[in-house]
Amino acid sequence: MNACSVLIPAHDEAGYIDACLAGLLSQDHAGPLQVIVIANGCRDDTADRARARIPDFAARGWVLQVEELAQGGKIGALNHGDACAAPGIRIYLDADIRLSPGLVSGLVRALDVPQPRYAGGRLVVAPARSAVSRRYARFWQKLPFVAQGVTGAGLFAVNPAGRARWSEFPQVISDDTFVRLQFDEAERILVDASYDWPIVEGFGPLVRVRRRQDKGVAEIAERFPELLAHAGHTRPGRSEIARLAISDPFGFATYTAVALAVRLGRNNQEWARGR
């Protein structure tokens with residue numbers, strides 16, 4: 001069995017890192033595990049909270065390593081984590097994600113092959129407080145890209161042959177899109193174990209995050225056009241949209257309103273928090 005490292009870039013994640021690490025501790029994975037929290041540019045106690053869990057990981061025979069970087073930035077944190085990680089499978093995990101207990105073992109099984117592979121779990125949007133966010137999430141989760149694909153949002157994993165597809169992470173908005181498109185659809189594996197992914201609360205934040213997501217995809221298309229050959233089936237057809245709209249008219253109306261606001265608005269921002 002391949003060794004496995006989990007890389008968690010974390011910028012001011014004191015409110016989330018405990019639950020993220022607790023989710024890892026709940027895993028039924030029986031093999032060795034290295035977890036690296038890369039606290040980058042933090043102004044809170046993210047690193048201290050993570051270090052407090054080192055004995056819990058040691059009790060499982062696992063290693064929890066906390067790296068602190070003065071400079072904030074997810075890409076720098078990812079590259080630093082890669083430099084610290086042992087050879088083997090890599091799981092890239094956002095600090096606000098909660099894993100179901102069988103996800104790590106499922107990823108390891110799927111990736112324990114010599115051929116290049118990319119894997120992810122079943123994304124489940126965590127319950128939102130805002131009615132707008134609930135309706136948007138309900139419809140978005142039914143789109144084929146989310147319901148049937150391996151989105152990479154908040155969590156993706158590769159085996160050693162897959163990680164060899166690129167060198168360092170480039171400075172891009174959408175690191176998950178950059179990695180996912182290194183692989184064609186036949187090389188991407190959906191593991192039947194879930195993880196909770198948080199959605200932002202309210203119409204304005206949804207528009208800002210969706211706008212940034214679209215900008216990230218456009219950036220990949222402009223800078224790495226060769227990767228688009230691996231995109232696969234990402235857009236639902238008119239018949240699929242019509243079927244989904246009829247089954248959930250309020251969700252469809254909310255999703256459409258956000259999409260229209262994204263198109264009509266201007267994107268002058270450099271960064272938008274994903275929750």
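Accessible-area rank, largest first, for Ser130, Ser247: Ser247, Ser130, with all protein chains present and a 1.4 angstrom probe. Sorting Cys42, Cys4 by solvent-accessible area of protein heavy atoms yields Cys42, Cys4, largest first, with a 1.4 Å probe. Taking all protein chains together and rolling a 1.4 Å probe, Arg208 ends up with roughly 110 Å² accessible. For the range 11-110, the normalised intensity computed at q = 0.10, 0.13, 0.14, 0.17 Å⁻¹ comes to -0.25, -0.43, -0.50, -0.75 (log10 of I(q)/I(0), Debye sum over alpha carbons, equal scatterers, no solvent). Each of Ile97, Ile173 has its accessible area taken with a 1.4 Å probe; listed largest first, they run Ile173, Ile97. Computed over neighbours whose Cβ is under 13 Å from that of Leu111, the net charge equals +3, Lys and Arg +1, Asp and Glu -1. Here the Gaussian network model covers the chain, with springs between Cα atoms less than 10 Å apart; of Arg165, Arg117, Arg238, Arg238 fluctuates the most. The residues of the chain expose on average 47 square angstrom of accessible surface per residue, using a 1.4 Å probe on protein heavy atoms. Exposure check, 1.4 Å probe, all protein chains in place: Phe252 carries approximately 70 Å² of accessible surface. Take the alpha carbon gyration tensor of the range 96-135, find the square roots of its eigenvalues, order them as a ≥ b ≥ c, and report rounded if a/c is under 1.5; if not, report prolate when a/b exceeds b/c, else oblate. Cα axes put the range 96-135 in the prolate bin.
For the chain, the share of accessible area belonging to carbon and sulfur comes to 54 percent (1.4 Å probe, ligands and nucleic acids excluded).
For the range 132-211 versus the range 90-113, the spacing of their alpha-carbon centroids is 14 Å.
The values are calculated or read from the model by the stated rules, or taken from the named source; none is laboratory data. Computed from a predicted model, the values in this text were never measured in an experiment. Cβ sites come from the backbone with ideal geometry, for glycine too, and all protein chains shown count toward neighbours. Surface accessibility is based on the protein's heavy atoms, side chains included, excluding ligands, DNA and RNA. Shrake-Rupley method; radii C 1.70, N 1.55, O 1.52, S 1.80 Å.
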